[in-house]
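Q: Let me give you the structure first, and then I'll get to my questions.
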Amino acid sequence: MSLIQIRKRSLTIETTYHEGGPAPAQPLKLAAACAVIQNPYAGRYEPDLMPFMAELRALGAELATELVQTLGGKDKVEVYSKAAIVGIEGEMEHGAVWHEAGGWAMREVLGQPKAMVPANKAVAVAGYRLMVPVQYIHASYVRSHFNSIEIGMQDAPRPREILFALVMGTGGRVHSRLGGLLKENVSVHDGQR
């Protein structure tokens with residue numbers, strides 16, 4: 001029997017047309033794909049979470065593929081992230097399984113970018129909202145691409161559920177002008193610079 005029982009999914013798209021200054025050539029799009037699943041370990045301690053993490057890879061691939069299609073193809077994606085909100089009968093480690101499963105899935109779908117995939121997670125009640133940081137997919141120190149998006153659902157996660165999210169976007173902040181490494185100057189290709 002599968003450890004993954006999905007109750008619902010959502011797709012949120014946030015489009016920024018300007019930030020008070022001139023409109024960019026293309027609006028910035030950030031998108032979050034979420035899935036709410038039953039927590040198979042709610043209310044008890046499970047010493048081996050590896051089978052759960054392995055099975056979550058398929059869900060990660062579905063969410064990552066949906067995001068790439070939503071944003072117009074993998075060549076349009078410049079930022080990414082992942083998140084989990086665990087219902088209160090679960091534990092933080094039940095959300096941490098998403099680090100590998102969600103991160104692996106996005107790297108697979110995007111052609112193996114090297115920058116770390118930022119993340120956020122919490123144990124919380126239904127309706128909790130979580131700010132999720134994003135960054136450039138090829139180098140972690142591209143300051144112009146540090147941004148965030150809010151994720152969550154009004155009725156999730158219930159106490160015995162987990163909300164898993166993947167986030168992707170088409171660029172850096174609109175009107176970024178604070179210096180630092182520019183994406184055009186990434187040269188080391190080690191995921192850092």
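Q: Restricted to the stretch 111-122, and to residues that are among the small types (Gly, Ala, Ser) and open to solvent by less than 20 Å² (accessible area, probe 1.4 Å), which residue is nearest to residue 179 (Cα to Cα)?
A: Ranking the qualifying residues of the stretch 111-122, first place goes to 115.
Each row is one residue, and each column tells you yes or no for (1) open to solvent by 20 Å² or more (accessible area, probe 1.4 Å); (2) under 17 Å from residue 39 (Cβ atoms).
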{"site": "97", "(1), (2)": "no, yes"}
{"site": "109", "(1), (2)": "yes, no"}
{"site": "124", "(1), (2)": "no, yes"}
{"site": "132", "(1), (2)": "no, no"}
{"site": "136", "(1), (2)": "yes, no"}
{"site": "142", "(1), (2)": "no, no"}
{"site": "149", "(1), (2)": "no, no"}
{"site": "185", "(1), (2)": "yes, no"}
{"site": "189", "(1), (2)": "yes, no"}
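Q: Same structure again: Given the structure, is residue 120 out of contact with any Leu (no Cβ under 8 Å at 6 or more places or on another chain) and either more than 30 Å from residue 44 (Cα to Cα) or not hydroxyl-bearing (Ser, Thr, Tyr) (or both)?
A: no
Q: Looking only at the stretch 79-93, count every residue that is buried (at least 22 other Cβ atoms within 10 Å of the Cβ) and either part of a helix (DSSP H, G or I) or not charged (D, E, K, R) (or both) and tell me the total.
A: Result for the stretch 79-93: 9.
Q: Another question, if that's okay. Surrounded by 17 or more Cβ atoms within 10 Å (Cβ to Cβ) and of a type in the set (Asp, Glu): is that true of residue 19 in this structure?
A: So residue 19 does not fit the description; no.
Q: Taking the stretch 1-13, which residues are over 14 Å from residue 165 (Cα atoms) and either small (Gly, Ala, Ser) or open to solvent by less than 80 Å² (accessible area, probe 1.4 Å) (or both)?
A: The answer is 2, 3, 4, 5.
Q: OK, next. Within the stretch 151-183, track down each residue that is closer than 19 Å to residue 127 by Cβ and surrounded by fewer than 19 Cβ atoms within 10 Å (Cβ to Cβ).
A: Scanning the stretch 151-183 gives 154, 155, 158, 159, 160.
Q: Continuing with this model, one more query. Considering only the stretch 49-68, I want to know if a residue exists there that is touching a residue at least 60 places away in the same chain (Cβ under 8 Å), hydroxyl-bearing (Ser, Thr, Tyr) and not in a loop (DSSP other than H, G, I, E, B).
A: no
Q: Still on this structure, I have one more. For the stretch 23-33, enumerate the residues that are open to solvent by 50 Å² or more (accessible area, probe 1.4 Å), touching a residue at least 24 places away in the same chain (Cβ under 8 Å) and assigned to a loop (DSSP other than H, G, I, E, B).
A: Across the stretch 23-33, the qualifying residue is only 26.
Q: Looking at 176, 148, can you tell me which residue is of a type in the set (S, T, N, Q), on the phi < 0 side of the Ramachandran plot and at pLDDT below 95?
A: 176
Q: Okay, moving on. I'm trying to understand the selection: among the residues of the stretch 52-72, which are open to solvent by 20 Å² or more (accessible area, probe 1.4 Å) and more than 16 Å from residue 11 (Cβ to Cβ)?
A: 53, 54, 55, 57, 58
Q: Is it the case that some residue within the stretch 34-51 is under 22 Å from residue 150 (Cβ atoms) and either of a type in the set (Ser, Thr, Tyr) or exposed (fewer than 15 other Cβ atoms within 10 Å of the Cβ) (or both)?
A: no
Q: Given (1) under 22 Å from residue 16 (Cβ atoms); (2) among the polar types (S, T, N, Q); (3) touching a residue at least 40 places away in the same chain (Cβ under 8 Å), identify the lone condition not met by residue 192.
A: Status for residue 192: all satisfied but (1).
The values are calculated or read from the model by the stated rules, or taken from the named source; none is laboratory data. Quick caveat: nothing in here was measured; it's all calculated off a predicted structure. Note that each Cβ is placed from the backbone with ideal geometry, even for glycine, and that neighbours are counted across all protein chains shown. Side chains are part of the model used for accessible areas, which takes the heavy atoms of the whole protein and leaves out ligands, DNA and RNA. Shrake-Rupley method; radii C 1.70, N 1.55, O 1.52, S 1.80 Å.
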